[in-house]
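As structure tokens, the structure follows; a few thoughts come after it.
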Amino acid sequence: MNFYTMVLKRSSDYWVALCLENGIVGQGETQNQAIDKLKEAIDSFGSGFYFSLVPIQELHEFLALETDDRQIREIAIGFS
């Protein structure tokens, strides 16, 4: 099982989850939907996916949008 760090943020009528280790995103109407979509997206790349940290400028742009609803979490993804 691999662990990833993500930033979870509300954007208009939906939630966006950004994985800091690889820049993959998930989106949903709820926090849990966004997290599940992110897990699915990461899992679809498989264990051979190249890890590249999100550039600080991209993270700044993601966080700079007007919102007070954001969180940082760690998620676990199991590869089969």
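The values are calculated or read from the model by the stated rules, or taken from the named source; none is laboratory data. Bear in mind the structure is a predicted one, so any value in this text is a computation, not a measurement. Here the Cβ is made from the backbone with ideal geometry for all residues, glycine too, and neighbour counts use every protein chain on show.
Of 50, 4, all but one fail to be among the hydroxyl-bearing types (Ser, Thr, Tyr) and either modelled with pLDDT of 90 or more or in contact with a Leu (Cβ under 8 Å, 6 or more places away or on another chain) (or both); the exception is 4. Scanning the stretch 21-44 for residues being part of a loop (DSSP other than H, G, I, E, B) and either farther than 20 Å from residue 61 by Cβ or free of Cβ contacts under 8 Å to residues at least 12 places away in the same chain (or both) gives a total of 2.
Run residue 18 past the list (1) of a type in the set (A, V, I, L, M); (2) surrounded by fewer than 17 Cβ atoms within 10 Å (Cβ to Cβ); (3) at pLDDT 75 or above; (4) assigned to a strand (DSSP E or B) and report the number of the one that doesn't hold. With (1) of a type in the set (A, V, I, L, M); (2) surrounded by fewer than 17 Cβ atoms within 10 Å (Cβ to Cβ); (3) at pLDDT 75 or above; (4) assigned to a strand (DSSP E or B) applied to residue 18, the lone miss is (2).
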